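Here the structure comes first, spelled out in structure tokens, and everything after it is commentary.
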Amino acid sequence: MYTSDKKKIVEFFEKSKRETVSDMMELFRDTPKGKRKCEQEVLRNALDSLFDLYLLNISSKDHINNIYFEKIIEEYNGTDDINLDEFINNFEEMRLIIEKKVYLIPISEFEKTKIIAQLNKFFLEIQYYFYVESINRKNNRISEKEIQLSHLKKDRSEILTKLSMSFAHEIRNPLTSIKGFIQILEKRFAKIEEEKRYFELIYKDMEALEQQVDQLLFLSNEKNHQDINFSSIYLNAILFDVVDAFQPFFSQNNISVNLDLSEKISTTGMEEQVKLVLIKLMQNALDALLLRIKDRKLYIRLKRDDSEAVITFSNNGPPIPRLIRHSMFEPFVGTKELGKGLGLAVSKQLMRKHEGDINYISNEEWTIFKLRFPIKKNISMNQSE
């Protein structure tokens, strides 16, 4: 390009800068972020810088580096951190505005073609940089949110542990005293059948309260009084006992149960805690099946998978709602209208204490909960903890 032509181009664009920038401002007229006066000023400054950068690109032999692009981004973001995507989406229209100006410059058609090619290259470079910068910023924001979410979950877990331990002990202590006083009073009364029945009802209600207290303790990730007596337990026997306890319910509600305990497998842990997990999963499966009008099916399997014992509960009830699928194992989340939402949270915590895990899949046909227990464990080590 001749020096005289380059001079003409630069002078032409310098004179038409204000008009060109105003035309580009119109591209942002309908965007919500361009309505406030302060944001319009930020936008105008950024477009001024972009136009100046283009003139520098024409008049200079040096390659435009990232420092100039960063300056535009910094101006455009301003104090309100306007999204770069808004700027990127209008790049092509901005390029066309400048291209139309090129055709008005009094130079040869050949020189116009060259300057348009240079314009296209300039916008490709700046567009690429803006895209990279936009992606980097999005990734940074996602990383920051993930870190914040991780901290929130950790704080929530710590708070829940403290609350569960505190409430459980505050409730357990008076319960223990009340049970002791009731035993004393019971001995002082004559064994009249009606009064004996009253004491039985009181004991039953108090045992139910103690079970609720135990569930609060199970939510804690700290060891409690029930976590010190690990021993060998036979999963076949426990599963059979749980299924047998629910047999009347199966018959009353026409539920077809298929039980496969073909392999004898043992693990180590607290039998009552493992049984509680199995009961919770059984109750969840039955609650789901009751929502089905007919053809209710429940499959329960126990099998060995390498060094793990795997128990699956499969039911053909309605699928778990998508809204709560990612939080099913969190406390106070559940599908039962009158439930407390502790069953699966307690089960998850107990499985972790037994160095196992629990997960599920749910679709229109089946909902399957899978429990994994380690088969080989050092019992003496657990007892010494």
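The values are calculated or read from the model by the stated rules, or taken from the named source; none is laboratory data. Since the structure is predicted, the reported quantities are computational estimates derived from the model, not experimental observations. Positions of Cβ are backbone-derived with ideal geometry, glycine not excepted, and every protein chain shown enters the neighbour counts. Heavy atoms of the whole protein, side chains included, go into the accessibility calculation; ligands, DNA and RNA do not. Shrake-Rupley method; radii C 1.70, N 1.55, O 1.52, S 1.80 Å.
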Could you please find all residues in region 357-375 being closer than 26 Å to E263 by Cβ, in contact (Cβ under 8 Å) with a residue 12 or more places away in the chain and part of a strand (DSSP E or B)? D357, I358, Y360, T367, I368, F369, K370, L371, R372, F373, P374
Consider region 288-315. How many of its residues are within 26 Å of I233 (Cβ to Cβ) and either among the small types (G, A, S) or not in a loop (DSSP other than H, G, I, E, B) (or both)? 17
Pairs returned, first residue in region 10-29 that is more than 15 Å from E41 (Cα to Cα), second residue that is open to solvent by 10 Å² or more (accessible area, probe 1.4 Å) and basic (K, R), beta-carbon separation under 8 angstrom, 6 or more apart or interchain, are F12/K101; F13/K101; S16/K101; T20/K101
What tally of residues in region 107-147 results from selecting those that are open to solvent by 70 Å² or more (accessible area, probe 1.4 Å) and among the charged types (D, E, K, R)? 9
When region 357-377 is examined, which residues are found to be polar (S, T, N, Q) and surrounded by fewer than 14 Cβ atoms within 10 Å (Cβ to Cβ)? N359, N363
Which one of these does F199 not meet: (1) outside any loop (DSSP other than H, G, I, E, B); (2) open to solvent by less than 40 Å² (accessible area, probe 1.4 Å); (3) modelled with pLDDT under 70? (3)
Out of region 285-315, which residues are over 18 Å from N258 (Cα atoms) and surrounded by 17 or more Cβ atoms within 10 Å (Cβ to Cβ)? E308, A309
Within region 20-44, restricting attention to residues that are at pLDDT 65 or above, more than 12 Å from N90 (Cβ to Cβ) and surrounded by fewer than 16 Cβ atoms within 10 Å (Cβ to Cβ), which residue is nearest to the chain's Cα centre (by Cα)? Q40
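Per-residue answers, yes or no, for (1) exposed (fewer than 14 other Cβ atoms within 10 Å of the Cβ); (2) assigned to a loop (DSSP other than H, G, I, E, B); (3) modelled with pLDDT under 75; (4) of a type outside the set (K, R):
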{"residue": "G317", "(1), (2), (3), (4)": "no, yes, no, yes"}
{"residue": "R325", "(1), (2), (3), (4)": "yes, no, no, no"}
{"residue": "E330", "(1), (2), (3), (4)": "no, yes, no, yes"}
{"residue": "G334", "(1), (2), (3), (4)": "no, yes, yes, yes"}
{"residue": "E337", "(1), (2), (3), (4)": "yes, yes, yes, yes"}
{"residue": "V346", "(1), (2), (3), (4)": "no, no, no, yes"}
{"residue": "Q349", "(1), (2), (3), (4)": "no, no, no, yes"}
{"residue": "R352", "(1), (2), (3), (4)": "yes, no, no, no"}
{"residue": "E355", "(1), (2), (3), (4)": "no, yes, no, yes"}
Being on the phi < 0 side of the Ramachandran plot, aliphatic (A, V, I, L, M), modelled with pLDDT of 70 or more and assigned to a helix (DSSP H, G or I) is true for just one of I116, I105. Which residue is that? I116
